[in-house]
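**Student:** Have a look at the structure that comes next, please.
The values are calculated or read from the model by the stated rules, or taken from the named source; none is laboratory data. Model, not experiment: these values are computed from the prediction. Every residue, glycine as well, gets a Cβ built from its backbone with ideal geometry; the counts of neighbours run over all protein chains shown.
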(Lines give C-alpha, C1' and ligand atoms only; values in the text may rest on other atoms or scores of the structure.)
Protein backbone atom coordinates (compact mmCIF):
# COMPACT_ATOMS: atom_id res chain seq x y z
CA UNK A 1 0.00 0.00 0.00
CA UNK A 2 1.20 3.52 -0.71
CA UNK A 3 0.11 7.01 0.14
CA UNK A 4 -0.24 9.97 -2.18
CA UNK A 5 0.50 13.61 -1.45
CA UNK A 6 0.43 16.78 -3.48
CA UNK A 7 3.92 17.65 -4.65
CA UNK A 8 4.06 21.46 -4.39
CA UNK A 9 6.97 21.70 -6.82
CA UNK A 10 5.27 20.49 -9.96
CA UNK A 11 1.68 20.08 -8.72
CA UNK A 12 1.39 16.39 -9.37
CA UNK A 13 0.71 13.50 -7.05
CA UNK A 14 3.70 11.64 -5.74
CA UNK A 15 3.53 8.08 -4.45
CA UNK A 16 5.63 7.00 -1.50
CA UNK A 17 7.09 3.58 -2.27
CA UNK A 18 8.61 1.05 0.06
CA UNK A 19 12.37 1.41 -0.18
CA UNK A 20 14.69 -1.54 0.47
CA UNK A 21 18.29 -0.88 1.56
CA UNK A 22 20.77 -2.97 -0.44
CA UNK A 23 23.86 -4.50 1.16
CA UNK A 24 25.88 -3.15 -1.76
CA UNK A 25 27.49 0.26 -1.11
CA UNK A 26 28.76 3.23 -3.06
CA UNK A 27 32.22 4.26 -1.84
CA UNK A 28 33.15 7.91 -2.34
CA UNK A 29 35.62 10.33 -0.79
CA UNK A 30 34.44 13.08 1.51
CA UNK A 31 36.05 15.64 -0.83
CA UNK A 32 34.01 14.32 -3.78
CA UNK A 33 30.81 14.50 -1.70
CA UNK A 34 31.69 18.09 -0.80
CA UNK A 35 32.37 18.87 -4.48
CA UNK A 36 28.89 17.55 -5.43
CA UNK A 37 27.17 19.47 -2.62
CA UNK A 38 28.95 22.71 -3.54
CA UNK A 39 27.94 22.22 -7.19
CA UNK A 40 24.31 21.71 -6.13
CA UNK A 41 24.32 24.85 -3.99
CA UNK A 42 25.98 26.89 -6.75
CA UNK A 43 23.46 25.78 -9.37
CA UNK A 44 20.39 26.37 -7.15
CA UNK A 45 17.59 27.17 -7.71
CA UNK A 46 18.08 24.83 -10.69
CA UNK A 47 18.91 21.15 -10.44
CA UNK A 48 22.59 20.34 -10.78
CA UNK A 49 24.00 17.13 -12.25
CA UNK A 50 27.21 15.12 -12.50
CA UNK A 51 28.56 11.76 -13.59
CA UNK A 52 30.75 9.70 -11.29
CA UNK A 53 33.27 7.26 -12.70
CA UNK A 54 35.09 4.37 -11.07
CA UNK A 55 34.71 0.61 -10.83
CA UNK A 56 32.15 -1.90 -9.64
CA UNK A 57 34.02 -4.33 -7.41
CA UNK A 58 32.07 -7.16 -5.74
CA UNK A 59 29.70 -5.46 -3.30
CA UNK A 60 30.76 -1.86 -3.99
CA UNK A 61 30.73 0.85 -6.60
CA UNK A 62 34.00 2.74 -5.99
CA UNK A 63 33.91 6.35 -7.18
CA UNK A 64 37.32 7.57 -8.36
CA UNK A 65 36.41 10.82 -10.14
CA UNK A 66 33.51 13.25 -10.31
CA UNK A 67 32.64 15.12 -13.50
CA UNK A 68 30.37 18.10 -12.87
CA UNK A 69 28.07 18.51 -15.85
CA UNK A 70 25.78 21.18 -17.19
CA UNK A 71 22.04 20.83 -16.77
CA UNK A 72 21.11 21.81 -20.31
CA UNK A 73 17.47 22.23 -19.24
CA UNK A 74 18.30 24.96 -16.69
CA UNK A 75 15.29 23.70 -14.73
CA UNK A 76 14.23 23.69 -11.06
CA UNK A 77 12.50 20.31 -11.42
CA UNK A 78 14.49 18.28 -13.97
CA UNK A 79 17.90 17.84 -15.51
CA UNK A 80 19.50 16.64 -18.73
CA UNK A 81 23.16 15.93 -19.38
CA UNK A 82 23.97 16.44 -23.05
CA UNK A 83 24.70 13.20 -24.93
CA UNK A 84 27.98 14.74 -26.13
CA UNK A 85 29.13 15.43 -22.57
CA UNK A 86 28.08 11.95 -21.41
CA UNK A 87 29.95 10.35 -24.33
CA UNK A 88 33.10 12.37 -23.57
CA UNK A 89 33.03 11.32 -19.90
CA UNK A 90 32.44 7.70 -20.91
CA UNK A 91 35.50 7.86 -23.24
CA UNK A 92 37.64 9.30 -20.41
CA UNK A 93 36.45 6.54 -18.07
CA UNK A 94 37.21 3.77 -20.57
CA UNK A 95 40.69 5.19 -21.25
CA UNK A 96 41.34 4.87 -17.49
CA UNK A 97 39.86 1.34 -17.28
CA UNK A 98 36.81 2.69 -15.45
CA UNK A 99 33.14 3.19 -16.19
CA UNK A 100 30.29 5.45 -15.20
CA UNK A 101 29.19 4.10 -11.83
CA UNK A 102 26.69 6.72 -10.67
CA UNK A 103 24.48 9.57 -11.84
CA UNK A 104 24.21 12.55 -9.48
CA UNK A 105 21.66 15.33 -9.38
CA UNK A 106 20.15 17.68 -6.86
CA UNK A 107 16.64 18.47 -5.74
CA UNK A 108 16.75 22.15 -4.75
CA UNK A 109 13.34 22.23 -3.06
CA UNK A 110 12.40 18.66 -2.23
CA UNK A 111 13.68 15.60 -0.44
CA UNK A 112 16.48 13.33 -1.70
CA UNK A 113 14.11 10.74 -3.15
CA UNK A 114 13.67 9.93 -6.86
CA UNK A 115 10.77 11.71 -8.53
CA UNK A 116 8.51 9.87 -10.96
CA UNK A 117 10.58 11.38 -13.81
CA UNK A 118 13.81 10.20 -12.15
CA UNK A 119 12.40 6.67 -11.91
CA UNK A 120 11.58 6.65 -15.64
CA UNK A 121 15.17 7.61 -16.48
CA UNK A 122 16.61 5.18 -13.92
CA UNK A 123 15.16 2.37 -16.03
CA UNK A 124 17.08 3.45 -19.14
CA UNK A 125 20.19 4.45 -17.12
CA UNK A 126 20.59 1.49 -14.74
CA UNK A 127 23.31 3.04 -12.59
CA UNK A 128 22.97 4.01 -8.95
CA UNK A 129 21.49 7.51 -8.71
CA UNK A 130 22.73 9.86 -6.00
CA UNK A 131 20.40 12.70 -5.05
CA UNK A 132 21.21 15.69 -2.86
CA UNK A 133 18.42 17.74 -1.26
CA UNK A 134 19.64 21.32 -1.05
CA UNK A 135 16.67 22.28 1.12
CA UNK A 136 17.16 19.44 3.64
CA UNK A 137 20.96 19.07 3.26
CA UNK A 138 20.70 15.29 2.80
CA UNK A 139 22.27 12.98 0.25
CA UNK A 140 21.06 9.49 -0.65
CA UNK A 141 21.71 6.93 -3.37
CA UNK A 142 19.22 4.61 -5.07
CA UNK A 143 19.10 1.82 -7.61
CA UNK A 144 15.88 0.90 -9.38
CA UNK A 145 15.46 -2.77 -10.14
CA UNK A 146 12.00 -4.30 -9.73
CA UNK A 147 11.75 -2.07 -6.63
CA UNK A 148 13.43 1.13 -5.55
CA UNK A 149 16.49 0.23 -3.47
CA UNK A 150 18.45 2.63 -1.28
CA UNK A 151 22.21 2.07 -1.36
CA UNK A 152 24.52 2.77 1.56
CA UNK A 153 27.03 5.58 1.04
CA UNK A 154 30.48 4.89 2.51
CA UNK A 155 32.58 8.04 2.82
CA UNK A 156 36.33 7.49 2.79
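**Student:** If a residue has to be touching a strand residue (DSSP E or B) at 6+ places or on another chain (Cβ under 7 Å) and assigned to a strand (DSSP E or B) to count, how many in the stretch 57-110 make the cut?
**Tutor:** 19
**Student:** Could you count how many residues in the stretch 123-151 are within 11 Å of the chain's Cα centre (by Cα), modelled with pLDDT of 95 or more and not in a strand (DSSP E or B)?
**Tutor:** Here the count works out to 1.
**Student:** Do you know which of the residues in the stretch 45-77 that are closer than 18 Å to residue 126 by Cα, buried (at least 22 other Cβ atoms within 10 Å of the Cβ) and touching a residue at least 60 places away in the same chain (Cβ under 8 Å) is nearest to the chain's Cα centre (by Cα)?
**Tutor:** The extreme case among them is 52.
**Student:** Keeping to the stretch 101-112, report how many residues are buried (at least 19 other Cβ atoms within 10 Å of the Cβ) and either modelled with pLDDT under 95 or over 14 Å from residue 33 (Cα atoms) (or both). Let's see the steps before the verdict.
**Tutor:** Going residue by residue through the stretch 101-112, those that are buried (at least 19 other Cβ atoms within 10 Å of the Cβ) are 101-108, 110, 112.
Restricting the remaining residues to those that are either modelled with pLDDT under 95 or over 14 Å from residue 33 (Cα atoms) (or both) gives 101, 107-108, 110, 112.
Residues that pass the stated criteria total 5.
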